[in-house]
Every structure is written in C-alpha cells, then in structure tokens.
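Structure first, commentary second.
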Amino acid sequence: MSHTEYIDSISHEGMVVRADLRTGTVKVKLSDDEEECGSCPAASLCTISGKKGKDVIEIACAHPERFHTGERVRVVGTERMHRKAIILATVIPCAVMLGVMICVYLLTASQLAAALGGLGATAFFFVLLYLMRDRVRHEFTFDIEKLADR
C-alpha cells in the first residue's frame, strides 16, 4: 500500500475475551500479526503493534450477546477517529509546549525557565486529557464484526 493512498478505516483482527451484557461491552484480544501491521502507516504510533499487554481493548456494543468467548472478530475504527487521536496525542501537546516556551522565554529571557514551563504545560495537558477521558471516550468508538472461521 502506498503511503499516499487514502485509508477510510483501520481494522485489526482479534478474539473475543469476554462479552459483558451488564455494561454492554465486548473485550477483544487483538492479534499481534506483524505482517498486518507492517503495511500500516500508523504502526509506529499504534499501541497495538508489537507491544505486549496493550492488546486487549474494550468496545461498547449495542448487542454484546451476539459475541462469545473465543470467537474471531475484526475491530474497525474510522480514519477520522485516527486523525483526531493523532491531533490529541501529538499536535496539541506540541503546540502547547511551543506556545508556553515562547511566552515564558519572552517574559523571562531564560531558556531553562522556558524549557521547564513547556514541559510542565505538556504534562498538565496530558493530566487534563486523562481526567477528561470519559468526555472524550464517546468520540472514539470502534465497530466490531464477526469473522468466518477458517
């Protein structure tokens, strides 16, 4: 796949670990197929590709009773959602850091104060993002599809 080719969705195969009817969620252990991730332009940023322990995700599902433990599924996320995640995880923190560093340096003329201020502002942004995770979570919804057994 060419890096200039447009991708409308990102998908990953996995296996159902648990379907919880009470919470309306399905937990899926994603496969660690390096061949599948190798062609993905976002593989280096993805928490799934090659990282053990980060391969089980919880997906909100309208009908979790349709899924059973051990069943093969595909988890699909939209490209729009992917772009939003990249913006929240990289673009905004970099802009915050740069803006704070410039302001602090213009006010104090101290490179050390500017660097510490930029790092502190970035850390504050990520703490704030973590605290607001429930408000942001609804914007990152995955679809889950059953796969035919091979």
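The values are calculated or read from the model by the stated rules, or taken from the named source; none is laboratory data. Keep in mind that this is a model prediction, so the values were computed, not measured. We place every Cβ from the backbone using ideal geometry, glycine too, and count neighbours over all the protein chains shown.
Tell me the helices (runs of 4 or more DSSP H) entirely within segment 17-116 that contain at least 1 residues that are at pLDDT 90 or above and β-branched (Val, Ile, Thr). Write out each step before concluding.
Numbers: elements: 34-38, 79-86, 92-108.
Hits in segment 17-116: 92-108.
Residues in segment 130-150 that are within 17 Å of His82 (Cβ to Cβ) and not in a strand (DSSP E or B): how many?
Matching residues across segment 130-150 total 7.
Pairs please, first residue from segment 98-113 and at negative phi, second anywhere and exposed (fewer than 13 other Cβ atoms within 10 Å of the Cβ) and part of a loop (DSSP other than H, G, I, E, B), Cβ atoms under 8 Å, 6+ apart in sequence or on different chains.
Listed by first residue and then by second, the contacts come to Val104/Ser110.
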